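Inspection log for the structure reproduced underneath, given as structure tokens.
The values are calculated or read from the model by the stated rules, or taken from the named source; none is laboratory data. The structure presented is a predicted model; accordingly, all values stated were derived computationally and were not measured. Cβ placement follows ideal geometry from the backbone for every residue including glycine, while neighbour counts extend to all protein chains displayed.
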Amino acid sequence: MFFYLQYQKANTMNTILVILQAMMAIVFLYSGINKSIFSIPELVHSKGQTGVENLPLPLVRFIGISEILGSVGLIAPWYFNILPILTPIAASLFATIMVPAAVIHYKRKELKNVFVNVVLFSICIVIAYYRFHLYGHR
């Protein structure tokens, strides 16, 4: 009975993590695509990505491409079991970029965006923590 409950608990946690990974992948894929194809004025005024307003366009494009690749890194390595350590690394890196993003929004007095950054940071930390923990058991 004990082992069955352990299995159920691990299975439930894995399901929660997969849902969180999918949510974060969608968020960062959407953001990355926008940063890769739209101009800075369009990003700021139409898409609400105000944090890129004072950044050079090549840096914004780099961030966009990095977000696209990172969103793939949140899903593919773990799903296909090919270098699954890349999944928690991707989550850790997304959490890391949420810190300067929150600082930029705080300086712009955009507290709603700071809150969003904190939520995204927290979800990425949860994914990273549990995927690093589960990596050794895979």
query = Regarding Gly64, is this residue modelled with pLDDT of 95 or more, farther than 26 Å from Met13 by Cα and not aliphatic (A, V, I, L, M)?
reply = yes
> Does segment 70-77 contain at least one residue that is in contact (Cβ under 8 Å) with a residue 24 or more places away in the chain and farther than 13 Å from Gln21 by Cβ?
Replying inline: no
Checked segment 38-52 for anything free of Cβ contacts under 8 Å to residues at least 24 places away in the same chain and not small (Gly, Ala, Ser); matches are Phe38, Ile40, Pro41, Glu42, Leu43, Val44, His45, Lys47, Gln49, Val52
If we ask which residues in segment 67-85 are in contact with a helix residue (DSSP H, G or I) (Cβ under 7 Å, 6 or more places away or on another chain), aliphatic (A, V, I, L, M) and farther than 26 Å from Lys35 by Cα, their number turns out to be 2
Quick check on Thr50: is it modelled with pLDDT under 95, among the hydroxyl-bearing types (Ser, Thr, Tyr) and farther than 28 Å from Tyr129 by Cα?
yes
Filtering segment 73-95 down to residues that are under 10 Å from the mean Cα position of the chain (by Cα) and surrounded by fewer than 19 Cβ atoms within 10 Å (Cβ to Cβ) yields Ser92, Leu93
Checked pairs for segment 87-104, first more than 19 Å from His133 (Cβ to Cβ), second in a helix (DSSP H, G or I) and among the aromatic types (Phe, Trp, Tyr), C-beta under 6 Å and 6 or more apart or across chains, list as Met98/Phe121
Answer with yes or no whether Tyr129 is more than 15 Å from the chain's Cα centre (by Cα), surrounded by fewer than 16 Cβ atoms within 10 Å (Cβ to Cβ) and within 20 Å of Thr12 (Cα to Cα).
no
His105: passes all of (1) surrounded by fewer than 14 Cβ atoms within 10 Å (Cβ to Cβ); (2) not in a loop (DSSP other than H, G, I, E, B) but (1)
Of Ile26, Ile63, the only residue that is assigned to a helix (DSSP H, G or I) and either surrounded by fewer than 17 Cβ atoms within 10 Å (Cβ to Cβ) or in contact (Cβ under 8 Å) with a residue 60 or more places away in the chain (or both) is Ile26
| request: Could you tell me whether Thr96 is out of contact with any helix residue (DSSP H, G or I) (no Cβ under 7 Å at 6 or more places or on another chain) and either in a helix (DSSP H, G or I) or under 17 Å from Ile127 (Cβ atoms) (or both)? | output: yes
Going through (1) surrounded by 14 or more Cβ atoms within 10 Å (Cβ to Cβ); (2) of a type outside the set (A, V, I, L, M); (3) modelled with pLDDT under 95 one by one, Asn117 fails only at (3)
